[in-house]
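What follows is a single structure, written as structure tokens, with notes after it.
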Amino acid sequence: MAYRVDVSTLQASSVDIINTIRQNASEQYQSQVPAISKASEIPKVGEVLMGYPVLANQFLTELMNRVALVLVKSATFNNPYAELKKGYLDYGETVEEVFVELAKAREFSVEKAAARELRRTVPDVRTAFHCLNWSVQYPVTIQRNDLRKAFLSAEGVYGLVEKIVQSLYTANNYDEFLLFKYLLIKGVNKGIIKPLALEADTTNAAAISFRATSTLMTFLKTDFNARGVHTSTPRNDQFIFMDARYNAKYDVDELAVAFQMDKADFQGHLLFMDEWDTFDNERFSAIIENTDMIEEVTAAELAVMKNVRAIAVDREWFQFYDNSIIFDDTKVAAGNYWNYFLNVEKTVSWSPFSNAVAFLAPAGAPALPETITVEVAGKSISPEATVLTLTVEKENGTYGNSFNFVQTEALTATGIAVHPYGAIMIPAGQSATNIALEVVIDGVTYYAQANINADSNVGATVEFKQTTLASLTDLAGDGVTTVSAKTGKASK
């Protein structure tokens, strides 16, 4: 039976840590290492330990056993996807997952009652076994000088613990993140996670699909799990993975509505992935080469992941357990240092009976380009203002009304008005003002690489790029690129 480990925080001071170790140490240690009452006495303990290697070794061993292990073990649930881990297994190496399929109905018949009375009806019971399949070791070395420095300040002993634990904790945490990502990538490519193509690669179409699928998952259906069993996922058990760039297109309120959850509840169920189409294979290169615990994530698999927009899973889909976390050490007298090892064993698997859906871009749907071209399609001049009409071009025509030009604060301050569909009204007093434009297409913002102004003529074009304002040259200053009123070409 799995259980969760309470997260602990080391709150004791260096003085408390030193005295606690002394109270639980050997008689020899207690007779030679004094108890202390204030931080200024810490160096006295250091002097004794540095003069007796046996005592120093005993101090470090007790320090790791009584303090560091608490931090390492509790840290096992301090990762971004902690909610989806199942717990800590003290015994055994295999978890048996049992699913009982729905019983089938038959007609009631008095005539058939006698024949049916003693007949056996065997239930449709299905099982999946999740075995310990991740066994790794994280090493770290502490030099004798590190121990000497620990007794030079009030925070020294605590700092030594932190130095040892943090290097191991960070490595274990990062690998856990990669293992969750690994399961999702392999799940999509092996068909374990059910693919669902969006009708269009737009935020609106995706939101509609999210809402419909979230509702369908609450019914007993066979469509969304690998074994095709009748199962459902209540909304409270639905978790949604999105990569950072795609999620940036949405407002949290909009997504909460799509998945029909309160905003506060939804934020606890929205989990972020860095990028779907990258994986740190180098991190596991030694493991891939020497064992079969994990296989390489191929370029072809990552190419498939480029089409992933989001993944919704039942909380039970991840079968992720911690089997053991063992902290060990050895003193290397010849080198005058200590080696510490964090040995970690996990069960990393997925449930074939739980719902999981990958929302994919439509087959053949082209991705938005890195650059787009905006053309001045019309121009109207009056004594009060100049009005320019802009069109966003693409390879086979225009984007129609799917784009939105942005009314920025800078333009508002000058009195220049920008209509979402590309009409720009420039007051007569601002005819010489260079205008840096932004346009949003399907949630992606493009920034102009050149300016336009009231002198720009019909046919002039400006290139826009998917980039950040911070990476662009300041378009508001002198010497910026502008579009020639006569040729329509960019110049300085």
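Per-structure values
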quantity	calculated
Label-point separation in nm, PHE108 to SER153, each point 7 Å along Cα→Cβ	8.1
Solvent-accessible area, 1.4 Å probe, carbon plus sulfur percent, for the chain	51
Sites matching trypsin sites (Lys or Arg not before Pro) across segment 264-365 that sit in DSSP coil, with at most 13 neighbouring C-beta atoms within 10 Å	LYS306
Potential lengthening between THR218 and GLU384 on full extension [0.36 nm per residue; Cα-Cα distance subtracted]	53.8 nm
Sparse-neighbourhood loop sites, trypsin sites (Lys or Arg not before Pro) in segment 144-245 - DSSP loop, at most 11 other Cβ within 10 angstrom	LYS190
Kirkwood-Stokes translational diffusion coefficient of the chain, alpha-carbon pairs, 20 °C, 1.002 mPa s, µm²/s	76
Under 10 Å, Cβ to Cβ, from GLU275 - net charge with Lys/Arg +1 and Asp/Glu -1	0
DSSP loop GluC sites (Glu not before Pro) with at most 15 other Cβ within 10 Å: longest gap in the chain	396-492
Where chymotrypsin sites (Phe, Trp or Tyr not before Pro) in DSSP loops with at most 13 other Cβ within 10 Å are excluded, longest remaining stretch of the chain	220-492
For q = 0.19 Å⁻¹, Debye-computed log10 I/I(0) when each Cα of segment 249-358 counts as one equal scatterer	-1.24
Neighbourhood net charge (15 Å Cβ-Cβ; Lys/Arg +1, Asp/Glu -1) for ALA103	+3
Length gained when the stretch GLN260-ALA363 is fully extended (0.36 nm per residue, less Cα-Cα span)	34.3 nm
Accessible area (Å², per residue) of segment 243-390, counting only protein heavy atoms and a probe of 1.4 Å	45
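The values are calculated or read from the model by the stated rules, or taken from the named source; none is laboratory data. What you see is a predicted model, and the numbers here were worked out from it, not measured in a lab. Cβ atoms come from the backbone with ideal geometry, glycine included; neighbour counts cover every protein chain shown. Note: areas computed on protein heavy atoms with side chains; ligands, DNA, RNA excluded. Shrake-Rupley method; radii C 1.70, N 1.55, O 1.52, S 1.80 Å.
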